[in-house]
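A.B. asks: Pasting a structure here, questions to come.
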Amino acid sequence: MAISALFTFGLTSCEDFLDSSNYTEANTSNYPASPNDLNKELAALYGVMNQMSTSPLQTPWFVNYIMSDDANGAGGTGDVEAHAVGHLMTNKESLYDDAWKNTYVGISRASAIIYAVDAFDWTGQESARNQMLGEAYFMRGLFYLWGVQFWGDIPAYWASAAPDPCPQVSAEDVIFPHILADFVSAANLMTHGATTRGDGHATKGAAEGMLARAYMFYEGFYKKAGELASASLADVTFDFEQEAAGSSLSKAQVVSYLEDAINNGGYSLVEDFRLLWQYSNELTAPDYAYVKDLADGKKFWAGNGNSEEMFQVQYMNSGSWSGKIGMGFVNQVELYCGLRCDDDGAGHANGDLETFPFGQGWGQGTINANLWDEWSDSDPRKKATILDAQAECEKFVFTTSCSEDAGYYNKKWISTTCKESSWSDHNTAYTWWGVYRTKNTTSPNTNGNSFQGDHFTDIVLLRLADVMLMHSELTGTADQMNKVRARAGLPATTYSWQNIKNERRFELAGEGLRFNDLRRYSGKDGGTGCEAAKALQKQEGTRVNYTGTWTVMSHGRGVGGSSWAERYADTDGFLPKPPQQIGLINNPEILSQNKGWYDGTGWSMSGTPIY
């Protein structure tokens, strides 16, 4: 979302007889002073996702993607951070510091809006009031959902400000009911069509979809429900009062919300799966053989905010190397997922015409070979999602610095180029976004480096196909799943738990959802024999290229022993809470470390995995 300014609010403490009005800066004594100020606070709330984006390896979408069995940490031989994430380990105490801080900044800003809304008279503007409040509930639910999926039991509060101290509480018993209530409140307060689709605001349909995602994780992971369609699920009770949340939530209600989003949300499946991804854009598609049939028919990328996107992180041409957010206004995941930079030792590098239309980057988050091998060639989504760089590019090279690179890249998130560019200098506009920007706006490239700064595709956090598949999984029916398959040109199938799990894996591959799907299929405390542990362990022995030589991945080699299955069993997929935060509190009854971290298990990756 385009944020022109972020607001920081201070606290004042003065004796009653002193004049405490501050006429030069905003603080809690004088701000917000009007509903318009709340709109600015709402913009700042959405801006937290841009703050998160300054460090892709501390974002829920990229971290969960790399932690899954479908992706490798990869990157260069020195990218220990990416390798640690992919091996469910850590290489430094500060690995998730920013993720923790940004999560609580988001929660704080959302709560501030929730408790400030009714300080103003909304007579005649009740729908605007409800929309704003619904968006704040949505965002608070989302940040808490990300927080508990990352760290489990965390400090939590639902007042206007955090208490001191603010102890961690049970994610299962306390936080998740509040998350579900936040999404229910958001869905009930907002109305369809209250905002323009794709303008960066949460919508009623987005709240309904995220409600189902949170509910399914709660029931699958914490309640160990197994197959949700056939499970007998007790209602989730809300033993607290919250506007528009009601007193409980049932599976039938969640299904009803999904059906409302599908039927009344104003969303629709994009007609061709390839049109969801930026490589089909109007500057690239005419020269890219894989989508030339679309270009010949004058069909191009559906674009940011398209009819299938329900909620997203947005970016704009304001990235810079300075400032608090800086590169948070740029989709750096595209850069991270670009073809590995450097050369092969003989002077050949990736990213120019020989790898058109895919650009150079850090080579992180490569696709694990198992996903390619286990995905049928008869499914058109396979080649729409995965770049087989050796087969599709004119000349792709494994560089002298590459690691965990099987030559398979995520087309959904990879940097994309076009031929209307100067290829002699990587600092000129050679990305398609760079060309588009210069043709369609008068805005300068504030980043000054097109290779790293011209990436503005949305990170899609929720799309209609996901909502439709959740409906099939909860109801045990194939209707919505088959609509998703039909869009891909696949025949109808019957519902089974395995079929819906396969459908989610392939339709949503590379979008950061697989890891938490595996966790909810497995249930908490699943051990080394659960589905998640087994899937992750299958990475052992998969083919990879290391500095130009083919070899196989091994979890323990050069990184301190253990295995993917053991690391999952040790941690249940939770990340370490930042040790600095634990040290500041210095009271395990208020904040304690998760199991599997900073103990006798194999959590530490001191160096690069050597293959």
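The values are calculated or read from the model by the stated rules, or taken from the named source; none is laboratory data. As the structure is a prediction and not an experimental result, all values here were calculated from the model. Neighbour counts are summed over all protein chains in view; Cβ atoms, including those assigned to glycine, are modelled from backbone coordinates with ideal geometry. What goes into the accessible areas is simple: the full protein's heavy atoms, side chains included, and nothing from ligands, DNA or RNA. Shrake-Rupley method; radii C 1.70, N 1.55, O 1.52, S 1.80 Å.
A.B. asks: Quick one: length gained pulling Thr191 to Ser376 fully straight, 0.36 nm per residue minus the C-alpha distance?
C.D. replies: Contour length minus the Cα-Cα distance gives 62.5 nm.
A.B. asks: Next up: Can you find, among Gln58, Tyr257, His455, the residue sitting farthest towards the positive end of the charge dipole of the chain, where Lys and Arg contribute +1 and Asp and Glu -1 at Cβ?
C.D. replies: Farthest along the dipole direction, towards plus: His455.
A.B. asks: Restrict the search to the stretch 342-404; then list the GluC sites (Glu not before Pro) that DSSP places in a loop and that have at most 11 other Cβ atoms within 10 Å of their Cβ.
C.D. replies: Passing sites in the stretch 342-404 are Glu394.
A.B. asks: Which log10 I(q)/I(0) values does the stretch 446-502 give at q = 0.25, 0.31 Å⁻¹ under the Debye formula, counting every alpha carbon as one identical point scatterer?
C.D. replies: -0.97, -1.23
A.B. asks: Below 28 Å, Cα to Cα, which lysines can Lys483 reach? Residues fewer than 8 away in the same chain don't count.
C.D. replies: Within the straight-line cut-off, Lys483 pairs with Lys204, Lys251, Lys292, Lys298, Lys299, Lys382, Lys383, Lys411, Lys412, Lys501.
A.B. asks: Something else: Just to compare against my own numbers: the Cα pair-distance distribution for the stretch 208-271, 5 Å bins, whole % per bin, please.
C.D. replies: With a bin width of 5 Å, the distribution comes to 4, 15, 23, 24, 17, 11, 5, 1, 0.
A.B. asks: At 7 Å along Cα-to-Cβ for each site, give me the label-to-label distance between Glu589 and Lys92 in nm.
C.D. replies: It works out to 3.6 nm between the two label points.
A.B. asks: Only Cα pairs under 8 Å and at least 6 apart count here; give the relative contact order of the stretch 281-400 as a rounded whole percent. Walk me through the numbers on the way to the answer.
C.D. replies: Working: 137 pairs, mean separation 24.5, N = 120.
In percent, rounded to a whole number, it is 20.
A.B. asks: On to the next question. Could you give the length gained on full extension between Glu271 and Lys439, defined as 0.36 nm per residue of separation minus the Cα-Cα distance, in nm?
C.D. replies: 57.7 nm
A.B. asks: Right, something else. What value, in deg cm²/dmol to 500, does the helix sum -39500 (n - 2.57) over DSSP H runs of n ≥ 4 give at 222 nm once divided by the residues of the chain?
C.D. replies: -11000 deg cm²/dmol
A.B. asks: Is the stretch 90-199 best put as rounded, prolate or oblate by its Cα gyration tensor, with a ≥ b ≥ c the root eigenvalues, rounded for a/c under 1.5, and otherwise prolate when a/b is larger than b/c, oblate when not?
C.D. replies: Prolate, because a/c is 1.5 or more and a/b exceeds b/c.
A.B. asks: With a point put 7 Å past each Cα toward its Cβ, work out how far Ala252 is from Lys324 in nm, to one decimal.
C.D. replies: Placing both labels 7 Å beyond Cα along the Cβ direction yields 4.8 nm.
A.B. asks: Right, here's the next one. If I take every Cα pair under 8 Å that is 6 or more residues apart in the chain, average their sequence separation and divide by the length, what percent do I get for the relative contact order?
C.D. replies: Relative contact order of the chain: 18 percent.
A.B. asks: May I have the pair-distance distribution P(r) for the stretch 24-122, computed from all Cα-Cα distances with 10 Å bins from 0 and rounded to whole percent?
C.D. replies: 14, 34, 23, 16, 12, 1
A.B. asks: Using only Cα atoms, figure out Rg for the chain and give it as a multiple of 2.2 N^0.38 Å.
C.D. replies: With N residues counted in the chain, Rg over 2.2 N^0.38 Å equals 0.94.
A.B. asks: Let me ask something else about it. Would you give the gap between the C-alpha center of the stretch 538-564 and the C-alpha center of the stretch 153-201, rounded to a whole Å?
C.D. replies: Between the Cα centres of the stretch 538-564 and the stretch 153-201 lies a distance of 40 Å.
A.B. asks: Please find the FRET efficiency linking Thr528 to Asp479, where r is the Cβ-Cβ separation and R0 is fixed at 56 Å, and quote it to the nearest 0.05.
C.D. replies: That gives a FRET efficiency of 0.90.
A.B. asks: Using R₀ = 45 Å, calculate the FRET efficiency as 1/(1 + (r/R₀)^6) where r is the Cβ-Cβ separation of Asn449 and Leu233; round to 0.05.
C.D. replies: That gives a FRET efficiency of 0.30.
A.B. asks: Now for a different question. Please give the solvent-accessible surface of Asp121 in Å², to the nearest 10, using a probe radius of 1.4 Å with every protein chain present.
C.D. replies: 120 Å²
A.B. asks: So if I place +1 on the C-beta of Lys and Arg and -1 on the C-beta of Asp and Glu, and nothing else carries charge, what would the dipole magnitude of the chain be about its Cα centre? I want it in debye, nearest 20.
C.D. replies: On the way: 45 positive and 74 negative charges, 205 e Å.
Using only the charged Cβ atoms, the result is roughly 980 debye.
A.B. asks: With every protein chain left in place, what is the accessible area per residue of the chain in square angstrom, probe 1.4 Å?
C.D. replies: That works out to 36 Å² per residue.
A.B. asks: Also, quick follow-up: Name the residues of the stretch 496-537 whose amide N is less than 15 Å from a point 7 angstrom out from the Cα of Asp293 along the C-beta direction?
C.D. replies: Residues passing the 15 Å test: none.
A.B. asks: Whole-Å semi-axes of the stretch 462-611's equivalent ellipsoid, largest first, each the root of 5 times a Cα gyration tensor eigenvalue? Display every interim value, and only then the final one.
C.D. replies: On the way: eigenvalues 237, 103, 36 Å².
So the equivalent ellipsoid measures 34, 23, 13 Å along its semi-axes.
A.B. asks: Distance between Cα centroids, the stretch 447-484 to the stretch 283-357: provide it in whole Å.
C.D. replies: 17 Å
A.B. asks: Summarise the accessible area of the stretch 126-184 (1.4 Å probe, protein heavy atoms) by the percent that is carbon and sulfur. Don't skip to the end; give the middle numbers.
C.D. replies: Details: 810 of 1560 Å².
Result for the stretch 126-184: 52 percent of the exposed heavy-atom area is carbon or sulfur.
A.B. asks: Let me know the charge dipole size of the stretch 70-160 about its Cα centre in debye, to the nearest 20, where only the beta-carbon of Lys, Arg (+1) and Asp, Glu (-1) is charged.
C.D. replies: 120 debye
A.B. asks: Further question on the same structure: Quote the FRET efficiency, to the nearest 0.05, computed for Ser160 versus Asn264 with a Förster distance R0 of 35 Å and r equal to the Cβ-Cβ distance.
C.D. replies: It comes out at approximately 0.55.
A.B. asks: Taking only C-alpha pairs under 8 Å that are 6+ residues apart, what is the relative contact order of the stretch 157-244 in percent?
C.D. replies: Result for the stretch 157-244 is 30 percent.
A.B. asks: On full extension of the chain, what length is gained from Ile610 through Thr494, given 0.36 nm per residue of separation minus the C-alpha to C-alpha distance?
C.D. replies: On the way: separation 116, 0.36 × 116 = 41.76 nm, distance 4.46 nm.
Gain on stretching Ile610 to Thr494: 37.3 nm.
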